[in-house]
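The values are calculated or read from the model by the stated rules, or taken from the named source; none is laboratory data. Computed from a predicted model, the values in this text were never measured in an experiment. Cβ atoms come from the backbone with ideal geometry, glycine included; neighbour counts cover every protein chain shown. Ligands, DNA and RNA are excluded from the accessible area calculation, which covers all protein heavy atoms including side chains. Shrake-Rupley method; radii C 1.70, N 1.55, O 1.52, S 1.80 Å.
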Amino acid sequence: FYIGSDFQPSLENAIIGLPDSVRTVDLLDGLTLLTGADGTDPHVWLDPQNMQSMARKAAAVLSEEAPAQATAFSTAADSYIGELAELSGEFDVGLAECAVPVMITTHRAFEYLANAYQLTHRAIAGVSPGDEPSARSLEEIAEFASDNGVTTIFFEAELSELAQTVANEIGADTARIETVESLTENQLYAGESYLSVMRHNLVSLRVGMDCT
């Protein structure tokens with residue numbers, strides 16, 4: 001199982017070289033992907049509803065490959081999908097009433113989440129965290145943030161400086177949110193998971209956008 005659309009080019013290159021006996025499954029297949037000037041956005045998992053679809057797909061493929069375990073796969077998937085549905089409901093309620101329903105993030109990774117919960121999203125940089133925004137782009141983002149009463153710029157790990165630049169321009173705060181692309185060893189040891197990290201994100205978003 002993998003995520004395509006050049007999200008991890010080296011991985012996709014390795015997959016191409018696998019023997020025909022290995023079944024490969026792109027979890028993006030069947031999902032509606034967002035595109036922009038800088039290409040396709042692969043961060044589908046930041047919408048818990050997409051995670052439900054991917055879980056169903058994984059369970060179906062595993063059941064086809066190991067029919068004797070189909071009931072176990074289906075039961076496990078149903079349980080996890082239920083947890084994801086509960087998480088999605090928490091986002092629905094938690095982000096329903098926000099004084100400033102605008103997410104400004106350091107790179108274009110949260111558009112799926114914003115669209116799922118009717119938020120306006122703008123990114124300082126492109127779909128890749130390594131993208132360097134121009135001075136003009138920074139100026140436009142700062143102007144947009146100021147015009148919309150934004151009080152918090154959200155940043156991901158290692159991109160705090162970019163967020164601080166815009167925040168300083170408009171006198172806003174910054175707050176960290178996670179793309180959940182990988183968990184550190186410390187997070188795994190502490191029992192963190194997709195569900196727990198996404199709930200941390202929800203807390204940060206509610207505070208930063210002044211949600212009631």
**Message:** Given the condition modelled with pLDDT of 95 or more and in a strand (DSSP E or B), answer yes or no: does some residue in the range 157-174 qualify?
**Reply:** yes
**Request:** Test A190 against the criterion of being more than 24 Å from D41 (Cα to Cα) and among the hydrophobic types (A, V, I, L, M, F, W, C), and give yes or no.
**Result:** yes
**Pair list, Cβ < 7 Å and 6+ apart or interchain, from the range 156-175 residues that are in contact (Cβ under 8 Å) with a residue 60 or more places away in the chain to residues that are loosely packed, with under 15 Cβ neighbours inside 10 Å** = none
**Asked** Tally time: how many residues in the range 101-116 are in a helix (DSSP H, G or I) and open to solvent by 10 Å² or more (accessible area, probe 1.4 Å)?
**Response** 4
**Message:** I'd like the full set of residues that are outside any helix (DSSP H, G or I), touching an Asp or Glu at 6+ places or on another chain (Cβ under 7 Å) and either within 20 Å of I81 (Cβ to Cβ) or modelled with pLDDT of 95 or more (or both), limited to the range 179-201.
**Reply:** none
**Count - residues of the range 176-191 that are over 16 Å from the mean Cα position of the chain (by Cα) and surrounded by 14 or more Cβ atoms within 10 Å (Cβ to Cβ)** = 1
**Request:** For F144, indicate whether it is in contact with a Leu (Cβ under 8 Å, 6 or more places away or on another chain) and either part of a strand (DSSP E or B) or more than 19 Å from T179 (Cα to Cα) (or both).
**Result:** no
**Prompt:** free of Cβ contacts under 8 Å to residues at least 60 places away in the same chain and closer than 18 Å to Y194 by Cβ - does that describe any residue in the range 91-99?
**Reply:** yes
